[in-house]
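Working notes, beginning with the structure itself.
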Amino acid sequence: MSGPLKSLLALPLLCIALPCLGQEKPSCKVYFAVYWADSQVPGGYAPGMHKEQKNWYEKKLRKKFPDVCLDPEKATYAVVWGSEFKPFSFTVPIYHQAVTTVTGDVNAQATTGWYEDQTYQSKTNNVYMFVFPLKRRSESSISSDQRPLYATHQESWWTYRAAHRHALEEVLKFLSSGTVK
């Protein structure tokens, strides 16, 4: 067997091995869309994830939560996220030590120590995520008086990645839990 017939017979096998384009994932039970809340954006919202959220979702969370699928067209839940850097400072006592050596008729060494306050400056990255229901027949947006079904706040000190990853994972865990209907 060769030519076009062989190619046609191989197509169903390829669709079994790989998801065919346009096919719905059979494991999806909950669909969600993601929106970034930012007052600088016209309307206050922009669709999409932060690049770290998207990478983490594609790499880890899609497999971990196969029943929760990102699909803005079928979404019954909107995940709205925002982030901010908050400066902080902390002061700690630092111990200093000095050694004085005297040489001559008498060799002596004196050690003195003292504490001095040292202030450090840094920033934390805070990520906030909220889950809202979307009833597609009657709503295409979230009203300002609507309360979220779920909210999480994650904070990381040295990198923004951890906060974005943990917040998204918490939201998907909530959506996957079966407590939302």
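Where a number appears in this text, it was derived from the coordinates with a stated rule and is not lab data. Predicted model, so just to flag it, every value in this text is computed and none were measured. Note that each Cβ is placed from the backbone with ideal geometry, even for glycine, and that neighbours are counted across all protein chains shown.
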Taking other Cβ within 10 Å of each residue's Cβ, how do HIS166, HIS96, HIS153 sort, fewest first? HIS96, HIS153, HIS166
For region 67-74, Karplus-derived ³J(HN,Hα) couplings (6.51, -1.76, 1.60; θ = phi - 60°; whole Hz; x for glycine and proline) come out as 7, 10, 10, 7, 7, x, 6, 9
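Order of TYR57, TYR31, TYR120 from fewest to most other C-beta atoms within 10 Å? Walk me through the numbers before you get to the answer.
On the way: TYR57 21, TYR31 18, TYR120 9.
Ordered by Cβ neighbours within 10 Å, fewest first: TYR120, TYR31, TYR57.
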If R0 is 22 Å, what FRET efficiency do you get for PHE90 and LYS173 from their C-beta distance, rounded to 0.05? 0.10
For the pair ALA37 and GLU58, what calculated FRET efficiency results from E = 1/(1 + (r/R0)^6), where r is the Cβ-Cβ distance and R0 = 35 Å, to the nearest 0.05? 0.95
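When DSSP beta bridges are limited to those with both residues in region 62-124, what percentage is antiparallel, rounded to the nearest 5? Don't skip to the answer; put the middle values down first.
Details: 17 of 17 bridges.
So the antiparallel bridges in region 62-124 amount to around 100 percent.
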